[in-house]
Amino acid sequence: MSSRSVPHGGLRLDGHKSRPLEQPVLAVPPPRTCILALDQGSGEEAEAIVEPGTRVRVGTRVAAGRGTAADLHAPVSGTVTGATRLPTAAGEGRCLVIESDGRDEREPGVAPLDWQALDGPSLIERLAASGLAGLGGAAFPTASKLAMARAEAVELLVLNGAECEPWICCDDALMRERAAEVVLGARVMLAASGAAHGVIAVEDDKPEACAALEAALVVTGDARLELRVLPALFPLGAEGLLIAALTGREVPHDGLPPDVGVVCQNVGTAAAAARFVTEGLPAVTRIVTVTGGGVRRPANVEARLGTPVVELIAACGGYRTTPDRLIAGGALTGRTLASDDVPVTKGLNCVLAATAADLPARGPEMPCIRCGDCADVCPVQLLPQQLHRAARADDVAALARHGLAACIECGCCDYVCPSAIPLTARFRAARERQRLLGAERRRTEEARARFERHCERLAAQAEEERRAFEDARRRARGDGPPSGTG
Amino acid sequence: MSDPTLLPAVGVATALGVALGGALGWLAAHVRPDRRALVERIDALLPQTQCGQCRFPGCRPYAEAIAHGTADIDRCPPGGEATVRALAALLDRPPRPVDPDYGPTKPPLVAVIDEARCIGCALCLPACPVDAIVGAPRFMHTVIEAQCTGCELCLPPCPVDCIAMASPARAVRAASSAAPDR
């Protein structure tokens, strides 16, 4: 197979990825105080099932998944000391605080899994119990995704190793060092999803990772798997665009990859699945890129979930200068962190301690001059200038007509805008406003329907009472005809 | 006007004016706007609290009164300024502030029953316009928060004053369950 469709727009950017990759992945010591956010990046909080005072070991289940939140397990052994609202990468959220006893004992009963002996559904069940979630950033429960894929009988598994955003290189480091785990994870996911074949997609700016994967594929000798090298282009790693580039099939913006017969997983997630079947230990660590001009020795580090970001930076030699902004994720789609106390979550792929020189200089916002540069780079072929006009006017119909729902918030339009308009932020805000309005409308519709039913019921009751009263009166008069006076 | 070649043009223009004016006049007199559709559209803009602060028994009767021109658009405190503005845009009238005679404008609240003090009298059940209170005589009652419109109509019937208005938790929940795109 060759690359079938040339993606529209996108940006060729300087990756800034070489410095962290100069050294192998660094292990950060387990934290003394582990802050386990109940929302690991998917936007929904898992339900804590331990009380303060509970003794936990590494791998003890401490929170039950629900909706888009996967199960959570203790990353350290020690005592749960509290469940409070603390700053997290998403702003603020409920967190379990676990005070480590430093012994790092594992939960008893942790054993390798004979995954080849299991059928798909039971393998998915085991993966769900391991708390595996998308390590690409969305932290969506992997088992739910695989179950959905199985239900839709998808034929293709895509392992996303594109990692197109500048600065982030945790997947690159992982593929270089643990290619065999990625390939094993791919086989586990093929078995779980029931897909007939799998593609590992990597961008061509990662030759070392490609070579390592190629070698691992040869060792495994699994003919169902192949490596596909794509041009390095931001934001090709976005799920829908990657699938379009690989297969030529377009995922509808209100649909999911299984609609076109594909299930997409991050390479890091695959490696974590492989770890789970070989060791039996739930997902309690992840690799994070710590980089930017503000860090003394940029590196990829492997840290327990719940490790404060400040300890990651300390492991990389500490701050070189005070960074202008501390960003979770890359410079284009990341979110600014309020402090370096926030903990590592399953969705945190990069900590960028950015100095002024690292970020594109942005002047004050100027009026739109309708140059159309944003439309040229938009990877989903929207017209950001029109969307911007509609967002400013809060024109719901125009926003819908110009496809606000299809925006993937990649930030390409911001990057090229000569008037320095924060377009993506505007679109995000407009979307949030629409979501709240929609929720409000649904609520009022329901209230109206309930009020109508209430009125009907009261009318029916009154009618029944009147009839009962008349019957009684008629009986009292000995079934005689009603008199003239009534 | 002395040029006779202008006469046909003037004649045609006059005839057209008379004919079109007559047609428009006839249409205005005989084709009434669909008032029921208008009521529906007004009702869709009202907040459906069914609180009766506008002195109509519910949102729809108020919508009918607006459509018939018997009530102004400034009587809905729960809807606040946003509702008045939406109504003004729909009816092509100048927007105006909500008339304070009909109650103060305040953030949306929901009713909460202090279950320890509730005596199970069931008086609040029929008062609730959206049937958001669950209970039965001599059993404890509770408010289904997701259904409560904050109309406060359950407060007066309660003999032990165990119902209070509180800010809803649902707004916080809705914001935190926003699914990210990637």
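We did not get these values from a lab; they are worked out from the coordinates using the rules stated. Note that the coordinates shown come from a computational prediction; the quantities given were computed from them, not determined experimentally. Using ideal geometry, Cβ is built from the backbone for each residue, glycine included, and neighbour counts are taken over all protein chains shown.
Observations on the structure shown:
- Candidate set from segment A:273-316 (those that are assigned to a strand (DSSP E or B) and not β-branched (Val, Ile, Thr)); member that is nearest to residue A:78 (Cα to Cα): A:304
- Residue within segment A:320-330 that is within 20 Å of residue A:43 (Cα to Cα) and touching a Phe, Trp or Tyr at 6+ places or on another chain (Cβ under 7 Å) present: yes
Each row is one residue, and each column tells you yes or no for (1) outside any helix (DSSP H, G or I); (2) among the β-branched types (Val, Ile, Thr).
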{"residue": "B:93", "(1), (2)": "yes, no"}
{"residue": "B:98", "(1), (2)": "yes, yes"}
{"residue": "B:101", "(1), (2)": "no, no"}
{"residue": "B:105", "(1), (2)": "yes, yes"}
{"residue": "B:112", "(1), (2)": "yes, yes"}
{"residue": "B:131", "(1), (2)": "yes, no"}
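- Restricting attention to segment A:385-438, the residues that are within 14 Å of chain B (Cβ to nearest Cβ), farther than 29 Å from residue A:12 by Cβ and either in contact with a Leu (Cβ under 6 Å, 6 or more places away or on another chain) or among the basic types (Lys, Arg) (or both) add up to 2.
- Of residues in segment A:123-170 being acidic (Asp, Glu) and touching a helix residue (DSSP H, G or I) at 6+ places or on another chain (Cβ under 7 Å), the one nearest to the other protein chains (Cβ to nearest Cβ): A:163
- Leading residue by the ranking (nearest to the other protein chains (Cβ to nearest Cβ)) among those in segment B:109-135 that are free of Cβ contacts under 8 Å to residues at least 24 places away in the same chain and within 23 Å of the chain's Cα centre (by Cα): B:131
- Residue, farthest from the other protein chains (Cβ to nearest Cβ), within segment A:233-260, restricted to residues that are over 20 Å from the mean Cα position of the chain (by Cα) and assigned to a loop (DSSP other than H, G, I, E, B): A:248
- Failed condition for residue A:75, given (1) touching a residue at least 24 places away in the same chain (Cβ under 8 Å); (2) part of a strand (DSSP E or B); (3) away from chain B (no Cβ under 14 Å): (2)
- Of the residues making up segment A:277-289, those that are over 19 Å from the mean Cα position of the chain (by Cα) and over 11 Å from residue A:110 (Cβ atoms) are A:277, A:278.
- Complete set of residues in segment A:38-62 that are touching a Gly at 6+ places or on another chain (Cβ under 9 Å) and more than 10 Å from chain B (Cβ to nearest Cβ): A:38, A:40, A:46, A:47, A:52, A:55, A:56, A:57, A:59, A:61
- Among residues of segment B:136-162 being touching a helix residue (DSSP H, G or I) at 6+ places or on another chain (Cβ under 8 Å), free of Cβ contacts under 8 Å to residues at least 60 places away in the same chain and within 14 Å of chain A (Cβ to nearest Cβ), the one that is farthest from residue B:47 (Cα to Cα) is B:154.
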